[in-house]
Amino acid sequence: MTDEERVRDLQRKLYRKAKEEETYRFYVLYDKVCLPYVLREAYRRVKANRGAPGVDGVTFKALEAEGEGEFIEAIRKELVERSYRPSPVKRVMIPKPSGKMRPLGIPTIKDRVVQTACKMIIEPIFEADFQESSYGFRPRRSAKDAVREIKEHLKAGREQVYDADLSSYFDTIPHGKLLILVGLRIADRQMLHLIKQWLKAPVEEDGNISGGKKQKTGTPQGGVISPLLANIYLNLVDKLVARMSGIPEDVRIVRYADDCAPRAYMNIYMYGATQEMRVGPSEPPYRRRLQTASSCAG
């Protein structure tokens, strides 16, 4: 079996266990992040995505010259010895279509590899919990799938659309509440420690360091693990909406959070809704508006 096939086999087992037991907590996961084939596959995926170097300036070309196998083994050794510490995240500003600037966090290649390895292990566990109405940041799901479902609802005659936007979402995710949600499934303390380290990683911008251990909110846009963590928190919103009292039975929800061009907000489309309603916890702030079907169909 190839490394990719072995990883997928492991993921299927984790997914099945999580799906079969909705309240099961996984106590032994960190050792799987340290598996050589998991780290090799993580490196392969990070390399396939290319991307700019982080604060250390290390490029894939430099790693290829020095030896990729040695690089991966050095990461594994740090993880096994529990001496791994993430580097500061390099922040750059990129232009938005509106003309404004968007902050993007760039971890080092080493940190991207470890985050990818962690993501490959815990993602199938949370995939077992995610709602069918969620399309953003998920494997084998896309914006086109969300649009396809929206069109089906429109064809079915559900023409009133309620749109709720989460503003500054990535910057306002509360670490404490997020870790509680992660802990509902992940009981492995070393895995939780890894995630907490990434949330608390300092940010480097123009030679200045900010954030760090005192940071209580936010996860950097651009981090490999960030979209999954965002979805774990957004899944709470999905469940809250699905379980709200007083909502007509014909209401449907479709949610997509754009991973390719993050706009730091969430769209919730609730078909058939006629009244204004809260769609989640107090943070992050929400902007609500009622739309007509024609404004969403295009």
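Can you tell me which of Gln115, Gln131 is in a helix (DSSP H, G or I), under 26 Å from Met191 (Cα atoms) and among the polar types (S, T, N, Q)?
Gln115
List every residue pair whose Cβ atoms lie under 8 Å apart, where the two residues are 6 or more positions apart in sequence or sit on different chains, the first residue falls within segment 26-46 and is more than 18 Å from Arg12 (Cα to Cα), and the second residue, located anywhere, is aromatic (Phe, Trp, Tyr) and in a helix (DSSP H, G or I).
Tyr43/Phe71
Could you check segment 12-44 and list, in sequence order, the residues that are open to solvent by 70 Å² or more (accessible area, probe 1.4 Å) and either within 28 Å of Gln221 (Cβ to Cβ) or among the polar types (S, T, N, Q) (or both)?
Within segment 12-44, Tyr15, Thr23, Arg40, Arg44 meet the criteria.
Quick one: which residue in Gly51, Gly57 is touching a residue at least 40 places away in the same chain (Cβ under 8 Å) and not in a helix (DSSP H, G or I)? Explain how you work it out, then say what you get.
Details: Gly57 fails: touching a residue at least 40 places away in the same chain (Cβ under 8 Å).
Just one listed residue meets the conditions, Gly51.
Give the number of residues within segment 101-130 that are under 18 Å from Ser226 (Cβ atoms) and at pLDDT below 85.
Matching residues across segment 101-130 total 2.
With the structure loaded, tell me whether Asp3 is among the acidic types (Asp, Glu), modelled with pLDDT of 95 or more and under 20 Å from the mean Cα position of the chain (by Cα) or whether it fails that test. Spell out the reasoning first.
Values: among the acidic types (Asp, Glu): yes; modelled with pLDDT of 95 or more: yes; under 20 Å from the mean Cα position of the chain (by Cα): no.
Here the answer is no, as Asp3 does not meet what is asked.
Taking Ser133 as meeting all but one of (1) open to solvent by 20 Å² or more (accessible area, probe 1.4 Å); (2) of a type in the set (S, T, N, Q); (3) at pLDDT below 95, write down the number of the exception.
(1)
Modelled with pLDDT under 75, buried (at least 20 other Cβ atoms within 10 Å of the Cβ), within 18 Å of the chain's Cα centre (by Cα) and within 20 Å of Ile125 (Cβ to Cβ) - does that describe any residue in segment 274-286?
no
State all residues of segment 85-95 that are open to solvent by 70 Å² or more (accessible area, probe 1.4 Å) and either assigned to a loop (DSSP other than H, G, I, E, B) or in contact with a helix residue (DSSP H, G or I) (Cβ under 9 Å, 6 or more places away or on another chain) (or both); if no residue qualifies, say none. Before the answer, list the steps.
Let us first name the residues in segment 85-95 that are open to solvent by 70 Å² or more (accessible area, probe 1.4 Å), namely 85, 91, 93, 95.
Within segment 85-95, Arg85 is the sole residue that qualifies.
Whether any residue in segment 66-84 is within 21 Å of Leu179 (Cα to Cα) and either part of a loop (DSSP other than H, G, I, E, B) or in contact (Cβ under 8 Å) with a residue 60 or more places away in the chain (or both) is what I want to check.
yes
Go through segment 189-214 and count every residue that is in contact with a strand residue (DSSP E or B) (Cβ under 7 Å, 6 or more places away or on another chain), within 20 Å of Tyr30 (Cα to Cα) and surrounded by fewer than 20 Cβ atoms within 10 Å (Cβ to Cβ). Explain how you work it out, then say what you get.
To start, the set of residues in segment 189-214 that are in contact with a strand residue (DSSP E or B) (Cβ under 7 Å, 6 or more places away or on another chain) comprises 192, 201-205, 209-212.
Now restrict to residues that are within 20 Å of Tyr30 (Cα to Cα): 192, 201.
When the remaining residues are screened for being surrounded by fewer than 20 Cβ atoms within 10 Å (Cβ to Cβ), the result is 192.
Within segment 189-214, residues that are in contact with a strand residue (DSSP E or B) (Cβ under 7 Å, 6 or more places away or on another chain), within 20 Å of Tyr30 (Cα to Cα) and surrounded by fewer than 20 Cβ atoms within 10 Å (Cβ to Cβ) number 1.
Can you find a residue that is out of contact with any Cys (no Cβ under 7 Å at 6 or more places or on another chain) and exposed (fewer than 14 other Cβ atoms within 10 Å of the Cβ) anywhere in segment 215-231?
yes
Surrounded by fewer than 16 Cβ atoms within 10 Å (Cβ to Cβ), hydroxyl-bearing (Ser, Thr, Tyr), at negative phi and not in a helix (DSSP H, G or I): is that true of Ser98 in this structure? Please lay out each step first, then the result.
Details: surrounded by fewer than 16 Cβ atoms within 10 Å (Cβ to Cβ): yes; hydroxyl-bearing (Ser, Thr, Tyr): yes; at negative phi: yes; not in a helix (DSSP H, G or I): yes.
Judged against the criteria, Ser98 is a match.
Are any of the residues in segment 20-30 within 24 Å of Arg185 (Cα to Cα) and assigned to a helix (DSSP H, G or I)?
Yes, segment 20-30 contains at least one residue that is within 24 Å of Arg185 (Cα to Cα) and assigned to a helix (DSSP H, G or I).
The values are calculated or read from the model by the stated rules, or taken from the named source; none is laboratory data. Bear in mind that the values here come from a model prediction, so they are computed numbers and not experimental data. All Cβ positions, even for glycine, are placed from backbone atoms using ideal geometry, and neighbour counts span all protein chains on display. All accessible areas refer to the heavy atoms of the entire protein, side chains included, with ligands and DNA or RNA removed. Shrake-Rupley method; radii C 1.70, N 1.55, O 1.52, S 1.80 Å.
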